[in-house]
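Before any comments, here is the structure.
The values are calculated or read from the model by the stated rules, or taken from the named source; none is laboratory data. The model shown is predicted, which means the values in this text are computed figures rather than measured ones. Every residue, glycine among them, receives a Cβ derived from its backbone with ideal geometry; neighbour counts consider all protein chains shown. Surface areas here come from the heavy atoms of the whole protein model, side chains and all, with no ligands, DNA or RNA. Shrake-Rupley method; radii C 1.70, N 1.55, O 1.52, S 1.80 Å.
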Amino acid sequence: MTSNTDLRVGVIGTGLIGTSVALAARRIGCSVRGWDHDRERTRRASGLGGLEEAGDLEEAVERADIVVIATPIPTIPELVARALACAPDAVVTDVGSVKSPLVKATLDAVPHTDAVRYVPGHPMGGSERSGPDHASASLIDGIVWVLSPSGISDPAMVDRLEGWVRAMGAVSVRMDPERHDRLVAFVSHLPQVASTALMSVAATEEADEPELLLLAAGGFRDLTRLASSNPGLWSDILLSNRDAIADAIDRYVAQLERLRSQIAERRGTEVEATFAAAQSARLRMAAKPKVRAGVAVLQVELPDRPGALAHLTQALGDGEVNIEDLQISHSPEGGRGTVHLTVAAADAVSAAEALSAAGFDPIRLA
């Protein structure tokens, strides 16, 4: 068996995720062929240098060691079956955001002798943007890539896929399909629903208040970023995971109702406690650097746009604050990052003031 960096990879579906996977695979030395039913999209993906354009699925997966199906959920079972039949030595995986119903449908469509080479997966990365033009190998860096082997997946095939995923810089996590679907309903699907619902409420209100969206600042824009996602894609995802997402929505509504009662009844202590608990949980999400004596660490959210990091460092330079260390944790969903700045403890206040003046919202962690 060749090494993880010398594999032949076939990518079916050259949108944002498929092309990003291709770029990450090519970055570590794999040879990659790609195909999409939209030939123009495949040409654009090929132009980024991550893959060789194939004329059809069969050409894309010929002699492949690994095949990645990165297409809409309803199309995955048939494409997995075709890839398994055309690439008899390959492990075939998918990037579907829902696993349990997808795995069942795929196994129903695939002969048992081929199904042992099917290892369902879900790279937990992406963006509200779509298409190969927004793809990047860095989208794979540090993301959690869930592997959900079926009951008949060959352990050797699971190991092959896991080794390749890790070689590209992702963090592999094995999880059964049902548990995956329950957890992503809260951390992936519910945020999309909440963002879309908030944007819908504001758009409805705007009909009577045309200046409403002119007042929208960073917080509103952050919360509604996901509302610009692909409608058809998300309709497929939510309906495929309808039971889990319905439960997540019920729990979210219950929490909103609790908070509404606290506010309406002027129970200020409880409102503050609710906010404090959420703030504490949110701060734990970002990996914190080790803190040594005599320094302070500031956490700053950084938008994903050209010059954002330069703007941050320039603000500190203008404030005559020296950066002792800087770390960036990229958001799995794309679109932003979390910066941890280490400065001398004596400069912490000056650093926070300089960043605030430049439009950032620093939080001191230590």
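Taking other residues whose beta carbon is less than 12 angstrom from the beta carbon of A87, and scoring Lys, Arg as +1 and Asp, Glu as -1, yields -1. Structural descriptor for the stretch 1-100: relative contact order 28 percent, calculated from alpha carbon pairs under 8 angstrom and at least 6 residues apart. Think of each Lys and Arg Cβ as +1 and each Asp and Glu Cβ as -1; about the Cα centre, that makes the dipole of the stretch 1-91 roughly 300 debye. Applying a length cut-off of 20 Å (Cα extent along the axis) and a mean Kyte-Doolittle floor of -1.0 to the DSSP H helices of the chain leaves 190-206, 242-264, 268-285. For the chain, the share of accessible area belonging to carbon and sulfur comes to 54 percent (1.4 Å probe, ligands and nucleic acids excluded).
Taking amide hydrogens as placed 1.01 Å from N in the peptide plane, the amide H of V295 sits under 5 Å from those of A345, each at least 5 positions away in sequence or on another chain.
Over the chain, give the accessible area per residue in Å² for a 1.4 Å probe, as an integer.
50
Per-residue ellipticity at 222 nm computed for the chain from its helices equals -14000 deg cm²/dmol, with DSSP H segments shorter than 4 residues left out and the rest contributing -39,500 (n - 2.57).
Annotation for the stretch 59-103 versus the stretch 117-154: alpha-carbon center distance of 12 Å. Please say if the stretch 25-64 is rounded, prolate or oblate, where rounded means a/c under 1.5 for a ≥ b ≥ c the square roots of the C-alpha gyration tensor eigenvalues, and otherwise the choice is prolate for a/b larger than b/c and oblate otherwise? Taking the square roots of the gyration eigenvalues as a ≥ b ≥ c, the stretch 25-64 is oblate. Dividing the convex hull volume of the alpha-carbon atoms in the stretch 7-151 by its residue count gives 95 Å³ per residue.
Of the peptides 184-192, 107-115, the order by per-residue mean of other Cβ atoms within 10 Å, starting with the highest, comes out as 184-192, 107-115. Only Lys, Arg, Asp and Glu carry charge here, each on its Cβ (+1 for the first two, -1 for the last two); on that basis the chain has a dipole of about 760 debye about its Cα centre. Once you treat every alpha carbon in the stretch 179-277 as an equal point and sum by Debye, what is log10 I(q)/I(0) at q = 0.14, 0.15, 0.20 Å⁻¹? The Cα Debye sum returns log10 ratios of -0.69, -0.78, -1.14. Here the extension length gained between A203 and E40 equals 55.3 nm, from 0.36 nm per residue of separation less the Cα-Cα distance.
Local charge for A105 was computed over the other residues whose Cβ lies under 12 Å away, with Lys and Arg +1 and Asp and Glu -1, and equals -1.
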